[in-house]
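Read the structure below first, then the notes.
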There are 2 protein chains.
Amino acid sequence: MDKLSLGVDLGGSHISVAAVDSSGAILLKEVAPLSRNEEHDRIIDQMIDMLRSLRQNPGLNGRQADRIGVGVPGVIDMDRGVTLFIPNLKGEWRGVPLKDRIEGALDMPMVLANDVRCFTLAEFRFGAGKGSTHMVGLAIGTGIGGGLIVNGKVHTGLDGVAGEIGHIIIDVNGPRCGCGSYGCMEALAASPAIVSMAVRAVRQSAGATKIAEYAEGDLNKVTAETVARAARDGDFHAVEIMDRVGFYLGVGISNLLALLSPDCVVIGGGVAKAGEVLFEPIRKTLKATVHTAPLDKIRIAAAQLGTDAGVIGAATWAMASA
Amino acid sequence: MDKLSLGVDLGGSHISVAAVDSSGAILLKEVAPLSRNEEHDRIIDQMIDMLRSLRQNPGLNGRQADRIGVGVPGVIDMDRGVTLFIPNLKGEWRGVPLKDRIEGALDMPMVLANDVRCFTLAEFRFGAGKGSTHMVGLAIGTGIGGGLIVNGKVHTGLDGVAGEIGHIIIDVNGPRCGCGSYGCMEALAASPAIVSMAVRAVRQSAGATKIAEYAEGDLNKVTAETVARAARDGDFHAVEIMDRVGFYLGVGISNLLALLSPDCVVIGGGVAKAGEVLFEPIRKTLKATVHTAPLDKIRIAAAQLGTDAGVIGAATWAMASA
């Protein structure tokens, strides 16, 4: 019988743990809330508890899991299985030996990977990128992460950090990014940029936009989702913002195509849920800016696996490293 | 005895043909001038004549060449061996079946490749990139071309067009590029951009720059080399231009590092001959803009094989495809 792997997706507000088979199917999954202010030791203990309970769950009908993959939203040392920088968690997890802790507690081999690289692998093997040879995955949320598949394999590069698509500079005169550079795609098109454009639009339009209505008149309640919803409902200001965001994303993706000539680009993450109000300006921008790669042969697709892509990818990564 | 390959480098002003062994050494080489206004049929006849004469040259001491690699400065269909677009040659070589013509005339298998991808392969195997695993090659001249080595192999991508580094957009508000987009690295940092900045500097400084002196007071004689020479001699205006060019190149290379995390970047082409006046601002920009890739472990090196890289790479490509 087909062996199982255990996948862990460490998010900013939750931990997901799942038992996954080689076809990418989830047999059992558990999700627990996570406090960003918790010490990393406590969070790791929580992961270990969840993994132990999953492994012994009678719902697996006696099927054995023999390895673990963990995806984290930050920079890691893949070889040593140590986290180097997870910006959204307390203490930034600098130098946390996650692999040693988890392997020690569960006596199973573990691999550590970046969460968006896990998302990319899952979409490539089982989702929107199925059948592709060279694929790029993008996850657009509070940041923009990415992953590269070259010749059917995840390309991780030196120190395992390849794929930082969000930090491609597309406007040398642009705003400062969290990374320290100016004009990265992430600084221009992730949800904080969308919210900031929307707040300004609400102020300048004296509230005459559906964004204000959907945020119940409270600027603190403006989110990328509010803007996307208003855009879908035809609100002028919201459409204008999504057009601009789609333009920036289109330019960034155009750069990926010029450089890598992939056959497929899969776009996921919270912001991508906006759907056509975002994909339409992305496609329009690609038509205007792609001159070397064969755009008509390249699929630009929405992610298909939803929030499960992270755990499925982490578990699949563990299997692939067997 | 080690077999030989014949390499052809079709430039904008010359054709080079060489017999190359598996260590990348050139046994014999012939270079002939090329008129851009010549019909492609005549140019192909010239290539065939040069290849025939090289193959029979007694200087090879009876060693046999059994395959041919041809590098061209443009877009190609690698699978069919057809040129799609060579901007600097008459008629732009749209749909020229180079492989069929040459294989028919010489009765030897031929591979067609982009010239900068050939340069990249040669530098990777025998030049500045030796020992690398993931390398990026850049050739900066009248345009900016590139090539990618991933896991020791040239990554050519869909339709063989991966590596168009010059068409990475780094300034969405920048000047129009020859490709049709705005703000590509090539539009900002290749020799036409350098010359245009220099001509303006000469005008605005009322000739009080060494650039004017080295161009003998004739604005039509200003070249990227003139500017580099003036910068090396400490001319304020020329240094400022090279700083700006190095900044743009640094931003583009920073994008490559964020995306691919290579262990080595090799920079060649006419503009790169400027040396430290260009490499110093590139390195300074990388320090300011690289935040995810491990910059201290990545070699940023000048190309080592000079103008021979093209023929060596083309011949090596043919061997590798055997």
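Pull up the stretch A:182-226, narrow it to residues that are within 21 Å of the chain's Cα centre (by Cα), of a type outside the set (A, V, I, L, M, F, W, C) and outside any helix (DSSP H, G or I), then point me to the one that is nearest to B:Ile168 (Cα to Cα). My answer is A:Gly183. The number of residues in the stretch A:128-152 that are more than 13 Å from chain B (Cβ to nearest Cβ), under 19 Å from A:Gly270 (Cβ atoms) and either among the β-branched types (Val, Ile, Thr) or in a loop (DSSP other than H, G, I, E, B) (or both) comes to 4. When the stretch B:75-105 is filtered for residues that are open to solvent by less than 50 Å² (accessible area, probe 1.4 Å), out of contact with any helix residue (DSSP H, G or I) (no Cβ under 6 Å at 6 or more places or on another chain) and of a type in the set (A, V, I, L, M, F, W, C), the ones remaining, listed by number, are B:Val75, B:Ile76, B:Val82, B:Leu89, B:Leu98, B:Ile102.
Of all residues in the stretch B:234-260, those satisfying the criterion of being within 12 Å of chain A (Cβ to nearest Cβ) and either aliphatic (A, V, I, L, M) or closer than 12 Å to B:Val277 by Cα (or both) are B:Arg244, B:Phe247, B:Leu249, B:Val251, B:Ile253, B:Leu256, B:Leu257, B:Ala258, B:Leu259, B:Leu260. For the criterion of being over 30 Å from A:Gly163 (Cα atoms) and more than 13 Å from chain A (Cβ to nearest Cβ), B:Leu112 fails.
Kindly indicate whether B:Ala293 is farther than 17 Å from B:Leu259 by Cβ and not acidic (Asp, Glu). Taking the combined requirement at face value, the residue does not satisfy it. When B:Ala215, B:Ala228 are checked against the criterion of being away from chain A (no Cβ under 14 Å), in contact with a helix residue (DSSP H, G or I) (Cβ under 6 Å, 6 or more places away or on another chain), open to solvent by less than 10 Å² (accessible area, probe 1.4 Å) and closer than 23 Å to B:Gly137 by Cβ, a single residue qualifies: B:Ala228. Every test in (1) over 19 Å from B:Lys29 (Cα atoms); (2) open to solvent by 10 Å² or more (accessible area, probe 1.4 Å) is passed by B:Gln64 save one, and that test is (1).
Tallying residues that are free of Cβ contacts under 8 Å to residues at least 40 places away in the same chain and either small (Gly, Ala, Ser) or in contact with a strand residue (DSSP E or B) (Cβ under 9 Å, 6 or more places away or on another chain) (or both) within the stretch A:51-69 yields 5.
When the criteria are applied in full, A:Val72 fails the requirement of being within 25 Å of A:Gly143 (Cβ to Cβ), open to solvent by less than 60 Å² (accessible area, probe 1.4 Å) and free of Cβ contacts under 8 Å to residues at least 60 places away in the same chain.
Specify the residue that is most open to solvent (accessible area, probe 1.4 Å); the eligible residues are those in the stretch B:270-302 that are part of a loop (DSSP other than H, G, I, E, B) and within 14 Å of chain A (Cβ to nearest Cβ).
Step by step, filter the stretch B:270-302, then rank; the result is B:His291.
Can you find a residue that is charged (D, E, K, R) and within 14 Å of chain A (Cβ to nearest Cβ) anywhere in the stretch B:165-184? Outline the logic, then answer.
Step one: list which residues in the stretch B:165-184 are charged (D, E, K, R), which gives B:171, B:176.
In the following step, the residues that additionally are within 14 Å of chain A (Cβ to nearest Cβ) were identified as B:171, B:176.
Yes: one or more hits.
Can you pull out the residues in the stretch B:1-30 that are outside any loop (DSSP other than H, G, I, E, B), under 21 Å from the mean Cα position of the chain (by Cα) and either farther than 17 Å from B:Cys118 by Cα or of a type in the set (Lys, Arg) (or both)? Listed by number, the residues that qualify are B:Lys29, B:Glu30.
Looking across the stretch A:70-97, the residues that are touching a Ser or Thr at 6+ places or on another chain (Cβ under 9 Å) and β-branched (Val, Ile, Thr) come down to A:Val72, A:Val75, A:Ile76, A:Val96. Comparison of A:Ala318, A:Ala309 shows that the only residue that is more than 30 Å from B:Met185 (Cβ to Cβ) and touching a helix residue (DSSP H, G or I) at 6+ places or on another chain (Cβ under 6 Å) is A:Ala309.
The values are calculated or read from the model by the stated rules, or taken from the named source; none is laboratory data. Predicted model only: the values in this text are computed from it and were never measured. We place every Cβ from the backbone using ideal geometry, glycine too, and count neighbours over all the protein chains shown. For the accessible areas, the whole protein counts, side chains as well, though only heavy atoms, and no ligand, DNA or RNA atoms are used. Shrake-Rupley method; radii C 1.70, N 1.55, O 1.52, S 1.80 Å.
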